[in-house]
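Below: one structure, written as structure tokens.
Derivation of every value follows stated rules applied to the coordinates shown; laboratory data play no part. Only a predicted model underlies this, so the values are computations on that prediction, with no experimental measurement involved. Cβ coordinates were reconstructed from backbone atoms using ideal geometry, including for glycine residues, and neighbour counts include every protein chain displayed.
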Amino acid sequence: MERLSLLRRFSLLLVLALGGVAWGQRGYDRYLTPAEVEARLERLVAQGGDHARLVSLALTPGGRKVWLLEIGKEISAARKHLPAILVVGDPEGDVPLAPLGALYVAQQLLETPGLFARHTWYIIPSLNPDAEMHFFNKPRCRDPRNARPVNDDLDEATDEDGYDDLNGDGLITMMRVPDPQGSWVVMKKDARLMRKANPVKGEKGEYKLYTEGLDNDGDGQYNEDGPGGTNVGINFPHLFRPHRPDGGLWPGSAPEAFALMKFVTGHPEIAMVMFYGSTDFCRVPPKGGRKGAVDLNRIKLPKDVAKQFGADPDKTYTMKELIEMVKAFVPAGMEITESDIASFLGLGAMVNPLPDDLKYYRELAEKYKEYLKEQGMDQERLDPAPAKDGSPELWVYYQIGVPVFSMNFWTLPKPQEEKKEEEGKDTLTTQRIGKMSKEDFLALEDEKLNAYLKAVKAPPQFDAKKVKAMVQGGQLTPKKIAEMIGKMGGGPDEKGEEKVDPKMKALLAFADAHPGWQGYIPWQPYEHPDLGKVEIGGMVPYADNTPPATMIDSLLRGQVPWVFTLADSLAQLHIEKTKVEPRGGGVYQLTVWLSNDGYLPFPTAMGKKNQHVPPAVVQVIGNVAFLEGRDWTPVNSLAGKSVKKLSWLLHADKPASVEILLTSPNAGGDKRTIKIGGAS
Amino acid sequence: MGLILLVMAGPLQGQDETQPLTVPLRFDHYYTYEQVVEAMKLLHRTYPSLTQLNLLGKSEEDREIWELTIHNPETGDILDKPGVYVDGNIHGNEIQAGEVCLYLADLLLTHYGRNERITRLVDRNVFYIVPVVNVDGRYHFFADANTMHSNRGLRRPKDDDHDGRINEDFPDDLDGDGNICMMRKRDPNGKYRTDPSDPRLMVRVGPGEKGEWTLLGYEGIDNDGDGRINEDAEGYVDPNRNWGYNWAPPYVQRGSGDYPFSGNAMRAIASFMMDHPNIIVVWAFHNYGGMILRGPSTKQEHIPQADIRVYDYLGKNGEKIIPGYRYLISWKDLYSTYGDFTDFTDNIVGSYSFVGELYRIAQETYRSPSSGGKKEEETLFGGEDVERTRERLKFNDYVAMGMLFKPWKPYHHPVYGDIEIGGWMKMSTRIPHPFMLEDLVHRAASAVLFTADQTPEVKMTLLGKKKIGKDLWQVRVRLSNEKAIPSMSYISVNEKLYPKDMVTVKGPRVTVVAGGRLLDEYTGRTLYKEKKPEIQFLQVPGFGHTDLQFLLKGKGEVTFLYRSRKAGSRRMKVVL
């Protein structure tokens, strides 16, 4: 059912997308500077008339504005009734496609009648415009930092040793320098590539690698203190890591990040956030498996605390048990919540996505793949980047509790042969073991496993039998074995061949297939003032996330409209049905069925946990007395495609008209008027 | 009796507004928010050459947050002296912290030029004093009915009970006496009975005993009709959980605020601190319990052992200055907190930071000298023992003239029917009776001054000058520090908070051939810096020194310039 209706929506969107103005005229044929994005926004807001406005959210350290374009039917309303969707482009400022994606959304909204009928759209094309300039500057370098001066190398000067375009090609690439202390070697099978020497195999490094530049401040280091700054994309408070030169002093220390946090927390109507950048939650859900997650059903108490509450320090307790335990010790009437307990015990924040949310992410990812297939965009490409600690994507997921998605519009296509190589391999390698499931590992032939263990010089007591027993018993996992052996020196590589960085391999394949496109600079000799004879070359900055401009239009056309499908999947609260039953003596039972017609839950599982999203509220307004239930009933959650029953016992001496009012911050609302009493 | 109490409450709640403030300030009463600001302005007017008055920002309810800087501009620039930052009253109800700050300012200014120790401190240091951080909190604590615990947070709307309504169920001053006290109801099934020796007091019934009272919590009604009483008052955003270091969201810790620095005052103070990087000592005053706390605030955070030695020296001396106060570690001896102020100042500002928890109830005594060493420890979570409460009631009656405890009086409650209202009033328990205030503020200010006196005092001296070749000189420079606090904290060094102290060598006819750390002045073992020997980076430890050795070529005058973010700058000329 659900799938059918989603597919129907896809085809509708396809029609919308292909109709109208020819795409070339719209200007999705080149990358835009922040100033050009701003000009484009001004055109769009003019086009939007009464349905669009442009607001400046923040001033960057580089003196640029972070713009927010609002499109909707309620733009002048102080309090919005329609749910809102926030689109944020390019938090790390190093994905030139991202702002274009956001502009594309705005343009589709304004050109397609009715597309913004049910939602307000907040669109921030560039959250990090300072960093975006690096793509357009001469020379071009990739750097996600804004323009805040930071003394990266903690010396006597700030921003004094940046990159230098030595060969004058307008690009900052790499320098390779013959050096007896180097740890790199040139790859045999492709001299364009470098790899780390493997001393375990008796190899000696021959080169040092540097980014292109001079030691401007004469301290022996190259390019260690360029202009800037803070990477806005890691300046948010979920898993923020302090004391990184590029992370900012604290979460929200960058004005761009602070403005976004203030905006999102100040707009409870936001029902979904979509990021355009390096991550892609539409294809790959937020990563789990991080250690340190707290299991709230198995909490251990420190000895002194346990003693205080008469508990057993060797036992584990559930959160509920602990709340009951503590209640007995606090004054009457004092409330104890989960967060009181969690903070008292220092349990810390959640660090893994909740399984109930992952189900939705996975299902939607499947549907998205089908959608891409229909668009002819299902070519296999390199994986998107995982969300970084301190990223806004993780902040919204963990602390805001509304559905958050992200898209990266392009990564390099996976080269064709790679797949073949993986198949048909018979010898056991460390890499293969690392990827094995427990079952696969246990199914290995002892002989084969022993041969491998011998080859990697595992201690003799670790024979196949012993290792399998440990995996069976859970003391070891195949992944752990691979890690241990990796630390010992790696073991045999795939067929003894040189490992190629998959990204470089993909890059070279793509560059070879697109001769007019500059993705790779061949190594060219250069006489460096300090380092002597060096070679300059390597990957062109942004070559792995920024395709030839001729591809922009089709990439956006094929992927951007998915955001409208997601918008249609959001929670939608309605009053499904009401019923009044007289109980006699002027007493009536009122029953109301609330439904969430949307596919997604209200709020997410994490939203239920973090309680950031305000509850929906059912008000019963009329001249009646409440025998059971109240005139104000908060509803904290409603699963997707589900119905919840609420009931009241009312007393009305005279016939009364009662209004049932359902309101929610970001999932719509409803209203019914019913009669109580009268004829009966 | 009730009427008498109201009249008596007058002097406790602030100086008569018609009576002008005078310098020296008086500390026999508490200052309202407006009076604190007036007192700061008065000090500034009286001592314009030693003070600066800065408006840091405005609160959620648009009240002004003021800072008073005290230093002597004739002895150097503000940023060139070790900075001591002192604030108070970040929790709105913890008012005597504000008086400590005012007293410190008053003491420094009125004794400058008259007292040798104080004159030296004002000349050598700079003091940044913010008496009231939570200005709305202080205002409402005086103006509204409160318990001694309420009105702690910021006036930022927050739906504490997650019902979709905001701040809709404050406590209610049912009897209109300006206090939120306790409610109790006669109940044969109650968990409490009247204490036989003092009828105002109740004790828990033992197993099988008959009860007499049920405690109904703080004075109030169910304003929002949700069956709960007083569950959604102001905020709750705790201003001491809203700072940008190791912050955790509200589901991890109630009161964190939506994001770090969402509170106006927090943002304003952080920005002030970034503009005053010379701050090396921080004191934040709170009440109560009689503690001098240091970080870290959670088990996971770490303070280097070398910094702990500095803390121990300062903290253990603080214990001696304020009798009965204990020097403790926040997370270990109290509880874990995320995003608190002093974790921010330790880890981002790079200061040595203390929280002063002012006042010990143990000081409320009524006992004969022969009763000897009774245990004076207050338990933090389990309430206090009955015998001590009986004694405190006697203290209330005969020493505090009945100003602390409100006798139980009947009241007709809309939900509970006939009840009684009474108990400890807002100006009790956490706040000393004003007759004890002067002692409290003086001792706390003395603890601050002890640490101010231990801020780094770096001296640069010539340790040796030797000709070792034609026009080639070996010059040794010593940077020594007689005080306990190093020129930068070990946290700052380890976490690379900011560039280390710097020594630069310059002479018009001299080149620096080599330079580096002299590790042993006897063997001459030196760790030379590979590049740019004319610029050296270093830290000067507390009660110790750092030596440098240079090989200089040339002749004539050489200038050694030491510059530190927190320990000022020094200059030395040597002639080759």
Exercise. Going down the table (B:LYS553/B:LYS573; A:LYS457/A:LYS503; A:LYS196/A:LYS499; A:LYS303/A:LYS608), which pairs top 21 Å between alpha carbons?
Worked result: A:LYS457/A:LYS503; A:LYS303/A:LYS608
Exercise. Label-point separation (nm) for B:ARG228 and A:ASP304, each offset 7 Å from Cα along Cα-to-Cβ?
Worked result: 3.0
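Among the trypsin sites (Lys or Arg not before Pro) in region A:568-632, which ones are in a DSSP loop with at most 10 other Cβ atoms within 10 Å of the Cβ? Mind listing them? Walk me through the intermediate numbers first.
Values: sites: A:LYS577, A:LYS579, A:ARG583, A:LYS608, A:LYS609, A:ARG630; in loops: A:ARG630.
Qualifying residues, ordered by number: none.
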For this session: Evaluate E = 1/(1 + (r/R0)^6) for A:ALA328 and A:SER657, where r is the Cβ-Cβ distance and R0 equals 45 Å; express this FRET efficiency to the nearest 0.05.
Result: 0.40
Exercise. Rounded to the nearest 0.05, what FRET efficiency do A:LEU154 and B:GLU38 have when you use their Cβ-Cβ distance and R0 = 56 Å?
Worked result: 0.80
For this session: Using only alpha carbons, build the gyration tensor for region A:571-676 and give me the equivalent ellipsoid semi-axes, biggest first, whole Å.
Result: 28, 12, 11
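Defining a contact as two alpha carbons under 8 Å apart and six or more residues distant in sequence, what relative contact order in percent does region A:428-491 show? Kindly include the intermediate steps, with their values, before the conclusion.
Values: 55 pairs, mean separation 32.5, N = 64.
Taking the mean separation of contacting Cα pairs over the length of region A:428-491, I get 51 percent.
Using the Cα centre of chain A as the reference point, and only Cβ charges (+1 on K/R, -1 on D/E), how large is the resulting charge dipole? Debye, rounded to the nearest 20.
Numbers: 84 positive and 92 negative charges, 607 e Å.
Approximately 2920 debye in magnitude.
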For this session: Would you work out the relative contact order for chain A, in percent, from Cα pairs under 8 angstrom that are 6 or more residues apart?
Result: 13
Seminar exercise, completed: The alpha-carbon center of region A:279-317 and that of region B:41-117 are separated, in whole Å, by 45
For this session: Give the angle, between 0 and 90 degrees and rounded to the nearest 10, that separates the Cα long axis of helix A:255-266 from the longest principal axis of the Cα atoms of chain A.
Result: 20
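In the protein assembly as shown, what % of DSSP beta bridges are antiparallel (nearest 5)?
80
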Problem set entry | Dipole magnitude of chain B, debye to nearest 20 (Cβ charges: Lys/Arg +1, Asp/Glu -1, about Cα centre) | 4240
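Which value, to two decimals, describes the C-alpha radius of gyration of chain A once divided by 2.2 N^0.38 Å?
On the way: Rg = 29.6 Å, N = 680, 2.2 N^0.38 = 26.2 Å.
Normalised Rg, Cα atoms only: 1.13.
Distance cut-off 20 Å, Cα to Cα: go down the list A:LYS367/A:LYS645; B:LYS470/B:LYS555; A:LYS645/A:LYS671; A:LYS80/A:LYS262; A:LYS448/A:LYS468 and report the pairs above it. Intermediate results must be reported in sequence, preceding the final value.
Values: A:LYS367/A:LYS645 31 Å; B:LYS470/B:LYS555 10 Å; A:LYS645/A:LYS671 16 Å; A:LYS80/A:LYS262 17 Å; A:LYS448/A:LYS468 13 Å.
Those over the limit are A:LYS367/A:LYS645.
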Exercise. Of B:VAL477, B:MET572, B:ASN240, which is farthest along the charge dipole of the protein assembly as shown in the positive direction, counting Lys and Arg as +1 and Asp and Glu as -1 at C-beta?
Worked result: B:VAL477
For this session: Can you find, among B:ASN134, B:PRO171, B:HIS149, the residue farthest towards the positive end of the dipole of region B:133-213? Put +1 on the C-beta of Lys and Arg, -1 on that of Asp and Glu.
Result: B:HIS149
Seminar exercise, completed: Taking a label point 7 Å from the Cα of A:ARG43 along Cα-to-Cβ, the residues of region A:553-569 whose backbone nitrogen sits under 19 Å from it are A:553-557
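Could you tell me the relative contact order of region A:299-344? Use alpha-carbon pairs under 8 Å, at least six residues apart, and round to a whole percent. Before the final figure, lay out the partial values.
Working: 32 pairs, mean separation 14.2, N = 46.
Computed value for region A:299-344: 31 percent relative contact order.
Is there a simple number for the mean count of other chain Cβ atoms within 10 Å of the Cβ of residues in B:241-250, and what is it? Please report the intermediate quantities before stating the final value.
Numbers: counts 1, 0, 1, 10, 6, 4, 6, 10, 12, 7.
Other-chain Cβ atoms within 10 Å of each residue's Cβ, averaged: 6.
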Problem set entry | 5 angstrom amide H check on A:LEU193, placed H, neighbours 5+ away | A:MET187
Problem set entry | Of A:LYS435/A:LYS466; A:LYS307/A:LYS438; A:LYS208/A:LYS480; A:LYS327/B:LYS409; A:LYS505/A:LYS533; A:LYS189/A:LYS435, those spanning more than 30 Å from alpha-carbon to alpha-carbon | A:LYS307/A:LYS438; A:LYS208/A:LYS480
Seminar exercise, completed: Expressed as a whole number, the average count of other chain Cβ atoms within 10 Å around the Cβ atoms of A:254-260 is 1
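What's the extension gain from B:ALA514 to B:HIS162 if we count 0.36 nm per residue and subtract their Cα-Cα distance? Walk me through the intermediate numbers first.
Numbers: separation 352, 0.36 × 352 = 126.72 nm, distance 6.64 nm.
This chain segment gains 120.1 nm when fully extended.
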Problem set entry | For the protein assembly as shown, calculated [θ]222 nm from helices alone, where every DSSP H run of n ≥ 4 adds -39500 (n - 2.57) | -7500 deg cm²/dmol
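Hull surface divided by four, with the convex hull built on the Cα atoms of region A:288-385: how many nm²? Could you put the intermediate results ahead of the total?
Numbers: hull surface 37.5 nm².
The Cα convex hull of region A:288-385, projected and averaged over all directions, gives 9.4 nm².
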Exercise. Quick one: of the DSSP bridges fully inside chain B, what percent are antiparallel, nearest 5?
Worked result: 80
For this session: Tell me which residues come under 5 Å, amide H to amide H, from B:TYR327 once H is placed; ignore anything under 5 positions away on its chain.
Result: B:ILE292
For this session: Please compute the Cα-Cα pair-distance distribution of region B:11-105 with 10 Å bins starting at 0, giving whole percents from short to long.
Result: 14, 46, 32, 8, 0
Problem set entry | Simple spin-label estimate for A:GLU374 and A:ASN297 in nanometres, 7 Å along Cα-Cβ | 3.9
Exercise. Rounded to the nearest 20 Debye, what is the dipole magnitude of region B:58-133 about its Cα centre when Lys and Arg each give +1 and Asp and Glu each give -1 at the C-beta?
Worked result: 400
For this session: Please compute P(r) over all alpha-carbon pairs of chain B, binned at 10 Å starting from zero, and give each bin as a whole-number percent.
Result: 3, 16, 24, 23, 16, 9, 5, 3, 1, 0, 0
Problem set entry | Segment B:ASN54-B:GLU521, length gained on full extension (0.36 nm per residue, minus Cα span) | 163.4 nm
Problem set entry | Net lengthening on full extension, A:TRP517/A:PHE462 (0.36 nm per residue, minus Cα-Cα) | 14.6 nm
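Considering just Cα atoms, how many Å³ per residue does the convex hull of the protein assembly as shown enclose?
246
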Seminar exercise, completed: Quick calc: nm separation of the 7 Å Cα→Cβ label points for B:VAL205 and B:LYS470 -> 10.6
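So what's the convex hull volume per residue for the Cα atoms of region A:299-344, in Å³? Working shown, then result.
Numbers: hull volume 3.1 nm³, N = 46.
Residue-normalised Cα hull volume stands at 67 Å³.
Across every pair of different alpha-carbon atoms, what Kirkwood hydrodynamic radius in Å does region A:428-491 reach?
Numbers: mean 1/r = 0.0880 Å⁻¹.
Hydrodynamic radius (Kirkwood, Cα only) of region A:428-491 equals 11.4 Å.
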For this session: Could you work out the mean count of beta carbons from other protein chains within 10 Å of each residue's beta carbon in B:252-264?
Result: 6
Problem set entry | Listed residue (B:ASN278, A:GLN472, A:GLY247) projecting farthest to the positive dipole end of the protein assembly as shown, Cβ model | A:GLN472
